[in-house]
Amino acid sequence: MPKRFVTIWFRHLKTDWLSRRQPELLHMPFVLALPDHGRMIVTAVNSVGEKEGINPGMAVADARAIVPGLKVIDDKTEWSVRLLNSLAKYCIRYTPCVAIDGPDGLILDVTGCAHLWGGDLLYITAIINRFKGFGYDVKAAVADTIGSAWAITRFHQSEMVIQKDQQSYALLFLSPAALRLQQETLELLYKLGLKQIRIFIGMPRSVLKRRFGNHLLQRLDQALGYEEEKIQSVEEPQPYHEWLPCPELILARTGIEIALQKLLEKLSSRLQQEQKGARLVSFKCYRIDGKIQQIDIGTNRPSNNSKHLFKLFELKLDTIEPDLGIELFLLEANKVEELLPLQEKLWAGNNGLNNVKFSELIDRIANKVGANNIHRYLPDEHYWPERSIRLASSIDETATTTWRVDKPRPIQLLAQPERIDVTAPIPDYPPMLFRYKGKLHKIAKSDGPERIEREWWIEEGLHRDYYNVEDEDGCRYWLFRLGHYAGDKNPQWFIHGFFA
């Protein structure tokens, strides 16, 4: 697809921003200034002051001689970067790739975006009108190259759209400064009378290189599209994303659902063609007031099932507040993985953890209660009970050992054994009764002991003698005695788990 770029020029960036914050400045001349070699120099002037004859670079004393009582505000060197960064992020509603063109411009890679607004002219007009509505004095243009768009934006009075492959004609009658040349190169061109690009654009390259160096040729090649010019976006665009601009502002949940369904269908279709599935997906709603509403969902396994993904988003749609209206929807797959179809046996209808329906159920539960509240455990190679299980990193992780089935183990194992009071004959008889959390349990049946030695290569300590006991109410518990009876000292008893 042929590249298309938009450049935006904020002619009075900082002064327009201050006028937005302080409306009393809107109709009065004022300047921003910084000290330079012992005197204050104008760094920026608003449009009103500009009409009075004040220009950047002028001494503040001279500016006050032109406009007595001129308001002077201390400039901040970081203002331009902060403002452009904020404006660039706002422009992401128009394209995912936006770069800063300091000190007063932006560059947008709009390849494949303009048709969503009805074409280049409607697209560029929408951008200009939006910023003018915010109070910024802007100019913008769209072309095949960054260089030609930049030149038209800053050196052409009225042109906004350069048609495909027409950049060479658009540049002919512009000043060499439109090529973003170095100051010494410009001075040499003007000195030789080359005051329009058309005069030297057809000269032999060897002559231009010998007289003006490689920089002039590089800028010409970039503007004409012979050399690619790359930009660094303020936010790296996701390779899997879908856009949906709205001709009319969306105010109701029904409209949001329809937009989400359309975007999911387009994204899922693309993922299916590439045999991939999404693991993390973001749904962003760009409001007319500049704010962004966002909801995110995640899946245990890669999924390209649009209906399943919609159900996960549906749980969170109530958190989106349209306010004055949503003008653009964006769906991004932030994490994508390969999705190979499962080979199911003809005689087996259930794939266990590989069952798609089970995975989708887990996804729905996780998006309701939070993924961190759902755990899967695997056996671990340890004798000590609390170390014999570990948390699985994913639903697909396979066990490195098998569950122990030769000895009974409780359904619920306490993370840490809890101390209990026990009455028991000695030395190796099971307890007759025990008290746990204030309740007395009389033991009707018991089995044991099962001795489990401490893992000496990890830590030193006493062994445990475990008993499976059942009280008079039929409830079963897993108790253990820590160490032996020794003299007058009675060993401690603990409860470690509960059987079904």
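The values are calculated or read from the model by the stated rules, or taken from the named source; none is laboratory data. Not measured: the values here are computed from a predicted model. Backbone-built Cβ (ideal geometry, glycine too); neighbour counts: all protein chains shown. In case anyone asks, the SASA skips ligands and DNA or RNA and just uses the protein heavy atoms, side chains included. Shrake-Rupley method; radii C 1.70, N 1.55, O 1.52, S 1.80 Å.
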Radius of gyration and Dmax over the Cα atoms of segment 58-172, both given in Å | 17.1, 52
Rounded to the nearest 500 deg cm²/dmol, what is the calculated helix-only ellipticity per residue at 222 nm for the chain, with -39500 (n - 2.57) per DSSP H run of length n ≥ 4?
-> -8000 deg cm²/dmol
How large is ³J(HN,Hα) for each residue in segment 100-107, as worked out from phi by the Karplus curve 6.51 cos²θ - 1.76 cosθ + 1.60 (θ = phi - 60°), to whole Hz, x for Gly and Pro?
-> 8, 10, x, x, 8, x, 10, 10
Accessible-area value, Thr125, 1.4 Å probe, nucleic acids and ligands omitted, Å² = 40 Å²
Ordering Ile443, Ile100 by the accessible surface of their heavy atoms, 1.4 Å probe, largest first, yields Ile100, Ile443
Per residue, what accessible area does segment 90-205 have, given a 1.4 Å probe and all protein chains present, in Å²?
-> 43 Å²
The whole-number value in µm²/s of the Stokes-Einstein translational diffusion coefficient for segment 437-497, with Rh from the Kirkwood sum over alpha carbon pairs at 20 °C and 1.002 mPa s, is 166 µm²/s
Please go through segment 219-268 and write out the GluC sites (Glu not before Pro) that DSSP classes as loop and that have at most 14 other C-beta atoms within 10 Å.
-> Glu227, Glu228, Glu235
The Cα extents of the chain along the principal axes, largest first and rounded to whole Å, are 112, 65, 53
Distance in nm between Tyr226 and Lys71 label points, each 7 Å along Cα→Cβ, equals 5.1 nm
Once you have all Cα-Cα distances for segment 154-279, histogram them in 10 Å bins from zero and send the whole-percent values.
-> 10, 27, 20, 15, 16, 11, 1
Cα-centre dipole for segment 80-200 with unit charges at Cβ (Lys and Arg positive, Asp and Glu negative), debye to 20 = 220 debye
Using θ = phi - 60° and the Karplus curve 6.51 cos²θ - 1.76 cosθ + 1.60, what whole-Hz ³J(HN,Hα) does each residue of segment 490-495 get, with Gly and Pro shown as x?
-> 8, x, 7, 10, 9, 9
Percent antiparallel among DSSP beta bridges confined to the chain, rounded to 5, stands at 95 percent
How big is the charge dipole of segment 165-303 about its Cα centre, in debye rounded to the nearest 20, if each Lys and Arg gets +1 on its Cβ and each Asp and Glu gets -1 on its Cβ?
-> 380 debye
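Normalised by the number of residues in the chain, what is the relative contact order in percent for Cα pairs under 8 Å and 6+ residues apart?
9 percent
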Mind giving me the FRET efficiency for Cys475 and Thr398? R0 is 41 Å, r the Cβ-Cβ distance, nearest 0.05 is fine.
-> 0.70
Could you run the Karplus curve 6.51 cos²θ - 1.76 cosθ + 1.60 with θ = phi - 60° over segment 431-437 and give me ³J(HN,Hα) per residue in whole Hz, x for Gly and Pro?
-> x, 8, 7, 8, 10, 10, 6
Simple label model, 7 Å out from Cα along Cβ direction - Ile426 to Gln293, nm = 7.1 nm
Unit Cα scatterers, Debye sum, segment 261-317: log10 I(q)/I(0) for q = 0.20, 0.31 Å⁻¹ | -0.73, -1.32
